[in-house]
Every structure is written in C-alpha cells, then in structure tokens.
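The values are calculated or read from the model by the stated rules, or taken from the named source; none is laboratory data. Predicted model, so just to flag it, every value in this text is computed and none were measured. A quick note on method: Cβ atoms are made from the backbone with ideal geometry, for glycine too, and the neighbour counts reach across all protein chains shown.
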Amino acid sequence: MNWGQVLSVVGVLGGLGGLAALVMVPVQRRKMKVDAASVIVDSAIDLLQPFRQRVEQLEKDLTKVERIVHDIRTELAAPNPSVDRLRGIVGLVSRNGR
Amino acid sequence: MTDPVVVTGRRRPHQVALLAVSLVLGVTFFAGWAPPPTTVDAVAPTWVRPLWYGLLLVSGGTGLVAAWLPDIRTGLLLERVAMLLSTPALALYIIPIFVVGGLRGVGAGAFLTFWAAANLWRIVQITGDLRQIRRRS
C-alpha cells in the first residue's frame, strides 16, 4: 500500500465517519430531549407522591366515618325499649296532666 | 484551599481560532484562490484533495456554529462532529508533510499532530460531558 492509498483510506473513513456523526446529531438531540422529558415526568410524580398518600389516607378515613354513620343510623332505626318506655311515660303524664 | 477561579465557556479562543483556520483553508482551496500545499499535492490522489478541502470546510464551519449555538446539548453534539471531521482532515495534511519532508517537516507536522491529538482529547471530554448531562437531566 502506498501513501496515496493510505490517504484515500483516511479520507474516505474520516469523511464517512464524520458525515454519519453529523446525520446522527438530530437523532441524538431528540433522544436527549425524550430522556429529559421522562426525567421531568418522574420528578413530577415524585412531587405528587405525598399528595397521593394524603388522598389515600383521607379516603380510608372517609370510609371509616361512613361506616360509623351507617352504624349510628342502624342503631337509631332499631326499636329501643327504653325510649319506648319513656315515650309511654311521657304520654301517660301528659294525659293525666290534662 | 480551593481555587476560587473556575474557567468556563464554550468559546475557547484557541479552539475557535483553529476552527476558523480550518474553515478559511477549506474555502480558499475549494474556491481555488490558493493552490493546496505542495506536500499534499505530491502525495494525495487527485480525488482525495477536494475531499480534504471539504473536511476542512465542514469541520471548521460546524465547529464555529456549535460554539455560538444557544442550545448547549446541540452545541456539544456538533462540536464533537467538528472534531471528528477535523481529525482525518489533519491526518491528510500530517502524513504528506512527513512523507515528503521527513524530519524537516517536524515544525508543521508536530503542530498539526498535537492539534489532531487535542481534537481526540476534546471528543473524549464531550462524550463524558454528554453522558453527565444525560445522567443529571
């Protein structure tokens, strides 16, 4: 191989390599933007994590409160002998009082 | 005690100067305003010469555009391309210098060889920087 051929190989390989790198720039740029966007999304999710936990806790509390209200309503709806007895006494007293 | 001076900046004067030289030489040879160096003329096949002019022109132009781009990531990607194109362009000058001139060409040859080595060093630096940007962003 003479020096002219060496220069030809260097020129062709260098030129092709450089051109390939130039063509790849927009692709790499897009990839870096996508990476940056996914990192932003991850950061946003991290920031929202405490709020999500708080909402979950509040949902659990609400379920408990609903259960308690339901129990109270059931209790109130059920026949209560002492209340019935008191009602009877009140009715008797009001009638005698007349 | 740490040094309070931090050297930063994307337009390092020596690098910009060398990129400008590359661009000017590429344009000059392509336009035919000046003949190519006799060493290149003596060794390089005829069809390699315009390729050499093109490598000089595109590497210089790309590097200068990269230095003034507001987007740092794209700037680094283009600067790396400029260094990738500049290195074979320099090799196409270094080889004829030593082939024709032997040790007499050591002045220009050494200058150009270290210029090419600096290009390779810069490619490694940029690759590391881009990797860090990807990791941090």
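Some observations on this one:
- Lone qualifier among A:ARG54, A:ARG85 - being over 30 Å from B:LEU56 (Cβ atoms), modelled with pLDDT under 90 and out of contact with any helix residue (DSSP H, G or I) (no Cβ under 6 Å at 6 or more places or on another chain): A:ARG85
- Selection over the stretch B:103-119 of residues that are within 13 Å of another protein chain (Cβ to nearest Cβ) and either of a type in the set (Asp, Glu) or surrounded by fewer than 12 Cβ atoms within 10 Å (Cβ to Cβ) (or both) gives a count of 0.
- Members of the stretch B:24-61 that are closer than 18 Å to A:GLY18 by Cβ, away from chain A (no Cβ under 14 Å) and surrounded by fewer than 19 Cβ atoms within 10 Å (Cβ to Cβ): B:VAL27, B:PHE30
- Number of the condition not met by B:ALA82 [criteria: (1) surrounded by fewer than 19 Cβ atoms within 10 Å (Cβ to Cβ); (2) within 10 Å of chain A (Cβ to nearest Cβ); (3) closer than 25 Å to A:LEU7 by Cβ]: (1)
- From the list B:LEU69, B:LEU76, B:LEU130, B:LEU90, the lone residue that is at pLDDT 95 or above and within 12 Å of chain A (Cβ to nearest Cβ) is B:LEU90.
- Those helices (runs of 4 or more DSSP H) of the stretch B:1-116 in which 2 or more residues are within 30 Å of B:ARG136 (Cβ to Cβ) occupy B:13-31, B:48-68, B:72-101.
- Restricting B:ALA42, B:ALA91 to those that are out of contact with any Pro (no Cβ under 7 Å at 6 or more places or on another chain) and farther than 19 Å from B:PRO13 by Cβ reduces the list to B:ALA91.
- Where B:VAL16 falls short, out of the listed (1) touching a residue at least 12 places away in the same chain (Cβ under 8 Å); (2) under 24 Å from A:LEU16 (Cβ atoms): (2)
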